[in-house]
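Report on the following structure.
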């Protein structure tokens, strides 16, 4: 139980109604989207301003409490998972859009602002915010910054790091600093690149300035079905090789399509092996030419059928199906384990075959729905938690999928982050020297590792640790060192 004096200090900052210590209420915050792992925090606080976050960090430092930042809790790698004895700083009440600067195409927001709400706030003026994770109606900008989220349109428009230009950060000792610059082409080091994607290890982002874009003059969408993922993969590769840069190009296999059809009622055939959903956007003349060229390639590479939506409502339904794919998996299996890895686009067909073989060895099925344009896979390993051993087999398949991505020259994450879920695989992707360098960057911001301990790195690493297998110091081995 939290000491009375600490509770009083926290309550003095945010008020007793925004300080949670009751065990029953704390259960709400035991996990993020990786629901299979749960840890109860020592206390939860819900600040509303940068100054409150700063004061909370000072209290945590005084009492030696680890700090775990949390946004909407939709992350899928355990990045917002509490650690024992931690202060969980929940930013979901920091939901203000602070300034809109259409002339310079900038919007200043607090971290709890929902991704889609940025676009909604500026839509009437003809602007939008490009990063669009499938969870964009519920995920927060702060969480997107932590994980460097992307979405369907990341091939053409990039990830969160390409759209955040400035951030206000609270460090572990409560100091408030600003990195980046709202102006175009600022001078100095690009510290934004060190903050975006840092998974809460360097500080708490309390404000961000994001870049917004003009809504394209026209968008063309087509949906194509193929006999198998081989033909669909070849189609994507040829489209990009032809110099076409789709705004989005998503691939779904047969099992994913089955789930989507059952969930949304979208009129997609179920007797095909794979499908592609693709957007091209830009000026009207450019879009018409590019879309026609892409359709010709789809036909030439073996498309069974190519459909174009009759109106905006039909187009929206197509994208609703794709963006609702994860939630739709309940229609084809009681439980699923979602992974997130990246491979070279040219290797899609080979990798999907290896994934299917890995699942078959464990007697499980995998549904594949992913950003085909940049090779960002999102395989969903289906299992039944009621069957003894199936959850463990699903974890085995998920781990093998990451190793397959590494073997093909890819990465263990594209946008879901490492968190606790994938930390064990970091040593298979990076050398000890790589990990040591990453740790030095982290420690430049947080030398005492107060923020989000136990995440990302495969083993606990102290600032200045020599990388490699842990060996106890002679003083520790003699039993006289502090543990």
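The numbered conditions (1) under 23 Å from the mean Cα position of the chain (by Cα); (2) surrounded by fewer than 24 Cβ atoms within 10 Å (Cβ to Cβ); (3) not assigned by TED's automatic domain parsing to the domain that holds residue 321 are all true for residue 173 except (1).
Criterion first (closer than 19 Å to residue 454 by Cβ, outside any helix (DSSP H, G or I), out of contact with any strand residue (DSSP E or B) (no Cβ under 6 Å at 6 or more places or on another chain) and touching a residue at least 60 places away in the same chain (Cβ under 8 Å)) does residue 409 satisfy it?
Spelling it out, it is not the case that residue 409 is closer than 19 Å to residue 454 by Cβ, outside any helix (DSSP H, G or I), out of contact with any strand residue (DSSP E or B) (no Cβ under 6 Å at 6 or more places or on another chain) and touching a residue at least 60 places away in the same chain (Cβ under 8 Å).
Given the criteria closer than 29 Å to residue 136 by Cα, modelled with pLDDT under 95 and surrounded by 15 or more Cβ atoms within 10 Å (Cβ to Cβ), does residue 348 qualify? Against the criterion (closer than 29 Å to residue 136 by Cα, modelled with pLDDT under 95 and surrounded by 15 or more Cβ atoms within 10 Å (Cβ to Cβ)), residue 348 qualifies. In region 95-102 there is no residue matching the filter, namely being under 29 Å from residue 340 (Cα atoms), touching a helix residue (DSSP H, G or I) at 6+ places or on another chain (Cβ under 9 Å) and outside any loop (DSSP other than H, G, I, E, B). All told, residue 89 falls short of being out of contact with any helix residue (DSSP H, G or I) (no Cβ under 9 Å at 6 or more places or on another chain) and over 28 Å from residue 375 (Cα atoms). Here 184, 240 are screened, and the one residue that is under 25 Å from residue 318 (Cβ atoms) and outside any strand (DSSP E or B) is 240. Those residues that are at pLDDT 95 or above and on the phi > 0 side of the Ramachandran plot, I need them from region 372-426; list them, please. Passing the criteria: 389, 409, 417, 419. Checking each residue in region 47-70 for being under 22 Å from residue 113 (Cβ atoms) and crowded, with 21+ Cβ neighbours inside 10 Å picks out 47, 52, 53, 56, 57, 67, 68, 69, 70. Could you list, in sequence order, the residues of region 305-321 that are touching a helix residue (DSSP H, G or I) at 6+ places or on another chain (Cβ under 9 Å) and within 14 Å of residue 235 (Cα to Cα)? 306, the sole residue that qualifies.
Just wondering, is there one or more residues in region 248-262 that are free of Cβ contacts under 8 Å to residues at least 60 places away in the same chain, under 21 Å from residue 302 (Cβ atoms) and not assigned by TED's automatic domain parsing to the domain that holds residue 351? Yes, the conditions are met somewhere in region 248-262. The single condition among (1) modelled with pLDDT of 95 or more; (2) over 13 Å from residue 372 (Cα atoms); (3) within 25 Å of the chain's Cα centre (by Cα) that residue 250 does not meet is (2).
Looking across region 9-42, the residues that are more than 25 Å from residue 76 (Cα to Cα) and outside any loop (DSSP other than H, G, I, E, B) come down to 9, 10, 11, 12, 13, 14, 16, 17, 18, 19. Of the residues making up region 71-91, those that are out of contact with any strand residue (DSSP E or B) (no Cβ under 7 Å at 6 or more places or on another chain) and either crowded, with 23+ Cβ neighbours inside 10 Å or closer than 14 Å to residue 146 by Cβ (or both) are 73, 74, 75, 77, 78, 79, 81.
Results for (1) out of contact with any strand residue (DSSP E or B) (no Cβ under 7 Å at 6 or more places or on another chain); (2) touching a residue at least 24 places away in the same chain (Cβ under 8 Å); (3) under 20 Å from residue 229 (Cα atoms), shown as yes or no for each residue.
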position	(1), (2), (3)
289	yes, no, no
302	no, yes, yes
315	no, yes, no
336	no, yes, no
347	yes, yes, yes
350	yes, yes, yes
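In region 96-121, the residues that are on the phi > 0 side of the Ramachandran plot and surrounded by fewer than 20 Cβ atoms within 10 Å (Cβ to Cβ) form Cβ pairs under 8 Å with partners that are part of a loop (DSSP other than H, G, I, E, B) and modelled with pLDDT of 95 or more, at six or more places apart or across chains, as follows: 105/212.
Condition check for residue 233 on (1) buried (at least 21 other Cβ atoms within 10 Å of the Cβ); (2) at pLDDT 95 or above; (3) farther than 24 Å from residue 286 by Cα; (4) in contact with a strand residue (DSSP E or B) (Cβ under 8 Å, 6 or more places away or on another chain): one failure, at (2). Which residues, taken from region 43-64, are in contact (Cβ under 8 Å) with a residue 40 or more places away in the chain and assigned to a loop (DSSP other than H, G, I, E, B)? If the condition is that a residue be in contact (Cβ under 8 Å) with a residue 40 or more places away in the chain and assigned to a loop (DSSP other than H, G, I, E, B), then 46, 47, 48, 49 are the ones that fit. If you check 381, 387 for being free of Cβ contacts under 8 Å to residues at least 24 places away in the same chain, outside the structural domain of residue 225 (by TED's automatic domain parsing) and farther than 24 Å from residue 235 by Cβ, only one passes: 387.
Of all residues in region 1-28, those satisfying the criterion of being closer than 16 Å to residue 204 by Cβ and touching a strand residue (DSSP E or B) at 6+ places or on another chain (Cβ under 6 Å) are 10, 14.
The values are calculated or read from the model by the stated rules, or taken from the named source; none is laboratory data. Computed from a prediction, not measured in an experiment: that's the story for all the values here. In this analysis, Cβ positions are derived from the backbone assuming ideal geometry, glycine residues included, and neighbour counts consider all displayed protein chains.
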